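Have a look at the structure below, then the notes.
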Amino acid sequence: MDIDRVAGEEVCCLDTEQLQLPEVPSFVLKENPQLPEVLFSQWLSLSDTTRLVKTLIDDAKAGNPINIPGISANASVGGVNSLPSMFPAGSAPPISPRSSSGSPRTSKQKTSPSSLRSPLKLVRESEWEVIPQFYFRNGPPAASALKEQCLSRINHLFNNDLDGLLIDEFKPVTKIVCKLPSFFSDVLFRKIDVDCTGMVTRDAFVKYWVNSNMLTLDTATQVFNILKQPDCRYLSQSDFRPILRELLATHSGLEFLQNTPEFQERYAETVIYRIFYYINRSGNGRLTLRELKRGNLIAAMQHADEEEDINKVIRYFSYEHFYVIYCKFWELDTDHDFFIDKENLIRYGNHALTYRILDRIFSQVPRKFKSNVEGKMCYEDFVYFMLSEEDKSSQPSLEYWFKCLDLDGNGVLTPNELQYFYEEQLHRMECMAQEPVLFEDILCQIVDMIAPEREGYITLHDLKGCKLSGNVFNILFNLNKFVAFESRDPFLIRQEREEPTLTEWDRFAHREYIRLSMEEDVEDVSNGSAEVWDESFEAPF
């Protein structure tokens, strides 16, 4: 390697600010820009410098670590340079005194790394903090006291049955240990008895309920895990059938259905449809754990298990509510093929609905039919329709009817869409010799009731935030309820104030059940009147 060529390249890259020569004052270097080049050339010409450079080059080629003699890692920047000096000993010019604050060399001097405390060193020196586990896939483990209490109850119930418990003997375990409704006994038993041996041992139950942390889960999660199928993250309608079969077989309020298995099946179907109508808000038939926790199904199940009169459990399980729904469907299904077409449904509520709203329903805009028959709805479709029609204040009902009115599906209701549905109402009023109400007045009334956030259209959010939203739908396509709203029956208003916890569906189902019961009683008396007359006439003889 040519040292002169290297020197020439290095001289071009010299920076007088970074060139630190203790023998030469810095102001001399700044005033004479050519001086550093001359000094550097003279330094390279020294024999000691030549040997040093060659040694460094040889070490670099051999791959040896480069070690400059006289320079250590702890040497300060302002220290004496150990490289060969170009001035003879004692002949160097004196260094001018300077203040520590004004010296460029002092101001640009960097702090030695050894004087700073490295954050990595702090981490290594400090003790690692142990973070306790905060996520458990199967739920947190039970506390010692809770686990001992549960095991004590298990030992007491399994004490006299060393081999295990049969399915008929398992109900106390479901009630006392698991604190679940008694009609979960059968499905829980089969969940543990995976081998279908017909018996659940103590160890098998402890493994499922205690060791798998089912004990510490909330009731909704316990119910969800018990009912769902393996490897499923949702509940389907079929998952509820086992508990409803046991409810029908064991509940005292449903004993009268023992001899009518057909109506038992219809009752179970109606309960399931009502559950999914209110809780499965996505409407996809897959009930998630989140939806189950948000609903009131768990409380209704506990109530049904404790209450002897099933009709007092108005949420989902009331037999009177099932009776009203099924009788309405049976009345409209004239050929009893268990399907309803548009001409059948137009008779609902004494021809209360308009043809335009029925067209939207049978176009399957609010909900796809489960009937799989063109132009006809099945019993499940009718349950969804009836619950939506008779309680327009519920969230599922508002969504159902909003989809019907939203003709273009853009998520807002415009005055033109409202007028489209009201035109038929106006025509029906004229045919019935009632005083018609112009759409302009109706629109003002609707806007006053809803008070939408933006002028010119109504959103679903606006309807959900108003207690009078159901009346808007009645104004547009249910003439009978529109007239009833205008008349404002004082008796109904007082009844609503006295029973604020009841919904519109609860009140309707109660009134309708009384009416249907009275009609059935009159029919029974009518059919038996001749026999009663004959017996009374022949008695004196």
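Would you mind getting the accessible area per residue of the range 383-497, heavy atoms of the protein chains only, 1.4 Å probe, in Å²?
Averaged over the residues of the range 383-497, the accessible area is 51 Å².
Rank-order 363-371, 474-482 by packing density, defined as the average count of other C-beta atoms within 10 Å over each peptide's residues, highest first.
The packing order, highest mean first, is 474-482, 363-371.
Percent of accessible area on the range 403-513 owned by carbon and sulfur, 1.4 Å probe?
On the way: 3460 of 6490 Å².
Using a 1.4 Å probe with all protein chains present, the range 403-513 comes out at 53 percent carbon and sulfur.
Please label the shape of the range 360-504 as rounded, prolate or oblate, based on the square roots a ≥ b ≥ c of the eigenvalues of the alpha-carbon gyration tensor (a/c under 1.5 means rounded; beyond that, a/b larger than b/c means prolate, else oblate).
rounded
What shape does the range 166-235 have by the C-alpha gyration tensor, where a ≥ b ≥ c are the square roots of the eigenvalues, rounded means a/c under 1.5, and otherwise prolate means a/b greater than b/c and oblate the rest?
Judged from the Cα gyration tensor, the range 166-235 comes out rounded (a/c under 1.5).
What is the percent carbon and sulfur in the accessible area of the range 176-219, measuring with a 1.4 Å probe over the protein chains and ignoring ligands?
Carbon-and-sulfur percentage of accessible area, whole number: 55.
Give the lysines reachable from Lys328 as a straight Cα distance under 22 Å; neighbours fewer than 8 places away on the same chain don't count.
Partners within reach: Lys312, Lys342, Lys368, Lys370, Lys376, Lys392, Lys481.
Using a probe radius of 1.4 Å on heavy atoms only, what accessible surface per residue do you get for the range 295-371? Whole Å² is fine.
Ligands and nucleic acids excluded, the result is 43 Å² per residue.
Grab the range 131-284 and count how many Lys pairs have their alpha-carbon atoms under 15 Å apart, sequence gap of 8 or more, or different chains.
Close lysine pairs under the 15 Å cut-off: 6.
Distance between Cα centroids, the range 172-198 to the range 371-421: provide it in whole Å.
Cα centroid of the range 172-198 versus Cα centroid of the range 371-421: 41 Å apart.
The values are calculated or read from the model by the stated rules, or taken from the named source; none is laboratory data. Here the structure is a predicted model, which means the values were calculated and not measured. Methodologically, a virtual Cβ is constructed for each residue, glycine included, from the backbone with ideal geometry; neighbour enumeration extends over all protein chains shown. Heavy atoms of the whole protein, side chains included, go into the accessibility calculation; ligands, DNA and RNA do not. Shrake-Rupley method; radii C 1.70, N 1.55, O 1.52, S 1.80 Å.
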